[in-house]
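The values are calculated or read from the model by the stated rules, or taken from the named source; none is laboratory data. On a predicted model such as this, the values are computed, not experimentally measured, just so you know. Using ideal geometry, Cβ is built from the backbone for each residue, glycine included, and neighbour counts are taken over all protein chains shown. Protein only, heavy atoms only, side chains kept; ligands, DNA and RNA dropped before computing areas. Shrake-Rupley method; radii C 1.70, N 1.55, O 1.52, S 1.80 Å.
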There are 2 protein chains.
Amino acid sequence: MTSRTSRTGRTRSGRRAGDSGTREAILAAARRRFGASGYDGTTIRAIAADAGVDPALVHHFHGTKERLFAAAMQLPVVPGELITSVLAAERRRLGDEFVGHLGEIIVRTVLTVWDVEDARASFVGMLRSAATNEHAARTLREFLTSTIMAALAQAVGPDGGEPARRRYRASLVASQIIGLGFTRWVLRLEPITSASAADLAAAIGPTVQRYLTGDLT
Amino acid sequence: MTSRTSRTGRTRSGRRAGDSGTREAILAAARRRFGASGYDGTTIRAIAADAGVDPALVHHFHGTKERLFAAAMQLPVVPGELITSVLAAERRRLGDEFVGHLGEIIVRTVLTVWDVEDARASFVGMLRSAATNEHAARTLREFLTSTIMAALAQAVGPDGGEPARRRYRASLVASQIIGLGFTRWVLRLEPITSASAADLAAAIGPTVQRYLTGDLT
């Protein structure tokens, strides 16, 4: 993610005081809109109107809707972009062997992000909200579908079958990854909570691999 | 689970009014104790003292601590007992092939229970509480560990390795099964929410099988 100061073209020390107020107003409007209308039903135009600014300014500060959502939810990464860039780098590194390593790469990437305490807190917070609030569940469901799961379905390519089959595969991956996050960080079930990331990647990577490219019948 | 009336030795119409008051007092005391002290830290003796009755009466009404917990949480089944009895029946039916079908049997059993709306509501309620309340998370964590996961570790037998290894295997199974429940019934992520139980058993059964008896390194 590009840093905030570089996107405005000013150094941190030279930033105008008015910027941060506008930025906060945009993030507050974004949180309200995403909460009330879901991820799919929210537009940058509507958030700009709520915040009383021009849509171009929202784009200038935050770029895409996914980036704005990540900033509003205080996610330290933009999940769909992260998955896409990690997979692109691994594809260059591994060449033809890439598709056979997808599962392990995905589990390692998720665990690396979650090992950063702030990141974990944000994702756990989203799971907690989704568990108890139907609006939050809808927003998370639509966000996952439009970003992370779409990125997975794209990455697996024709090995995953037709588009509907690839969406089913991505939702199976979500069931395992979300379950890993829930048992390890919310329920704190042992011994999965104290297992190393390497052990979990070895154990769970092949599951994700089979969901993406294997025989499911 | 034995029905309440048959356990007291009276027909429904002949039941004394005092029984249901006592039973309710026991269940209320159980909910408070399990909530405050967790599953492991709660004894039938302490619940009986809180309810002002003799421990023998609690045993008479509810049998084991697991049954009392299931009744207090309004679970329509006693999960550890259900898993144990389903697996015992399948072991008799399948003989030596039993261990190779464990994964599919477990996923099918879970989905069968969850297809009953009342059952689903109880389990979803426990997940929701655990997501937002540390006491509820501890109670669910200890309950899963002492009952369902212990039953799984027992069922897999020596094929699963030494006891610590079998506990790790059971916690991996929990991560997938809880993730399935969370994405299908709490998050309602598609297409996993509208997938048939047979399709999910075929897709997820081999994952559970590998976690219980396969190579994890």
Checklist entry - Quick one: label points 7 angstrom along Cα→Cβ at B:ALA25, distances to the other copies in nm, smallest first? => result 6.3
Checklist entry - Label-to-label distances across copies for B:GLY157, with labels 7 Å out along Cα→Cβ, in nm, shortest first? => result 4.5
Next on the checklist: Tell me whether segment B:111-217 comes out rounded, prolate or oblate; compute the Cα gyration tensor, take square roots of the eigenvalues as a ≥ b ≥ c, and use a/c under 1.5 as the rounded threshold.
Outcome noted: oblate
Checklist entry - Label-point separation (nm) for B:ARG188 and A:ASP40, each offset 7 Å from Cα along Cα-to-Cβ? => result 1.2
Item to check | Closest-to-axis residue of chain B (Cβ criterion, axis taking B to A), whole Å | outcome: B:GLY179, 1
Checklist entry - Against the longest alpha carbon principal axis of chain B, how many degrees, from 0 to 90 and to the nearest 10, is the axis of helix B:134-146 turned? => result 70
Checklist entry - Helix B:197-213 sits at what angle to the longest principal axis of chain B, using alpha carbons and giving 0 to 90 degrees rounded to 10? => result 80
Item to check | 1.4 Å probe accessible area per residue over segment B:162-205, in Å² | outcome: 29
Checklist outcome for this item: P(r) of segment B:19-157 over all Cα-Cα pairs, 10 Å bins starting at 0, rounded to whole percent, reads 11, 38, 33, 15, 3, 0
Checklist entry - Given a Förster distance of 25 angstrom, what is the FRET efficiency for B:HIS59 paired with B:ASP159, based on the Cβ-Cβ distance and rounded to 0.05? => result 0.10
Checklist entry - Which whole-number percentage describes the relative contact order of chain A, with Cα contacts under 8 Å and a sequence gap of 6 or more? => result 22
Checklist outcome for this item: Output row for B:THR64: copy-to-copy label distances, label 7 Å along Cα→C-beta, ascending, in nanometres, one decimal, is 5.1
Checklist entry - Counting pairs of alpha carbon atoms under 8 Å apart in space and at least six apart in sequence, what relative contact order in percent does segment B:9-108 give? => result 20
Next on the checklist: Translational diffusion coefficient of the protein assembly as shown at 25 °C, 0.890 mPa s, Stokes-Einstein with Kirkwood Rh over Cα pairs, in µm²/s as a whole number.
Outcome noted: 103
Checklist outcome for this item: Note to self, chain B gives a 222 nm [θ] from helices alone (DSSP H runs n ≥ 4, -39500 (n - 2.57) apiece, / all residues, nearest 500) of -22000 deg cm²/dmol
Item to check | Spin-label model distance (nm) - A:ASP199 vs A:GLN74, 7 Å beyond Cα toward Cβ | outcome: 3.2
